[in-house]
1. Taking the Cα atoms only, what angle lies between the long axis of helix 2-27 and the longest principal axis of the chain, rounded to 10 degrees?
2. Could you give the accessible area per residue of the chain, probe 1.4 Å, as a whole number in Å²?
3. Between PHE62 and residues 5 or more places away or on another chain, which pairs have amide H atoms under 5 Å apart, with H built 1.01 Å from N, and which residues are they?
4. Quick one: length gained pulling ARG34 to LEU11 fully straight, 0.36 nm per residue minus the C-alpha distance?
5. So what is the relative contact order of the chain, in percent, for Cα pairs below 8 Å that sit 6 or more residues apart?
6. If the label point is 7 Å along Cα→Cβ of THR46, which residues in segment 9-23 have backbone nitrogen under 14 Å from it?
7. Could you look at the chain and say what percent of its accessible area is carbon and sulfur, using a 1.4 Å probe and all protein chains?
8. Once a ≥ b ≥ c are taken as the square roots of the eigenvalues of the Cα gyration tensor of segment 18-70, is the result rounded (a/c under 1.5), prolate (a/b larger than b/c) or oblate (a/b not larger than b/c)?
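The values are calculated or read from the model by the stated rules, or taken from the named source; none is laboratory data. Fair warning: this is a prediction, and the values are worked out from it, not measured in the lab. Glycine also receives a Cβ, built like all others from the backbone with ideal geometry; neighbour counts cover every protein chain displayed. Only protein heavy atoms, including side chains, enter the accessible area calculation; ligands, DNA and RNA are left aside. Shrake-Rupley method; radii C 1.70, N 1.55, O 1.52, S 1.80 Å.
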Amino acid sequence: MLLRMAIVVLLVALLTSLFSGLFFLMKDANNSGRLVSALTVRITLTVVLIALVAFGFWSGEFVWNTPWLR
């Protein structure tokens, strides 16, 4: 359950980073680098999210519920 909550928190953080990057793209007049830092945060959060999902399948907390794999 803790792993699923961490994944939901990461998804919310990803959406926040996505919309902050959109805001910086539209409103920044100078090249302050905030857009690049938002992209860096988003990529880092995505890598952590993929690692958590892979760990969930590896540890057995997440399972495939497809009938052809049984």
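1. On a 0 to 90 degree scale, this one is about 20.
2. Values: 5580 Å² over 70 residues.
On a per-residue basis, the chain sits at 80 Å².
3. Answer set, sorted by chain and number: PHE57.
4. 6.2 nm
5. Details: 29 pairs, mean separation 25.9, N = 70.
Relative contact order, the chain: 37 percent.
6. Answer for this model: 11, 14-19, 21-22.
7. Details: 4180 of 5580 Å².
So the carbon and sulfur contribution to the accessible surface is 75 percent.
8. Details: a/c = 6.64, a/b = 3.30, b/c = 2.01.
Taking the square roots of the gyration eigenvalues as a ≥ b ≥ c, segment 18-70 is prolate.
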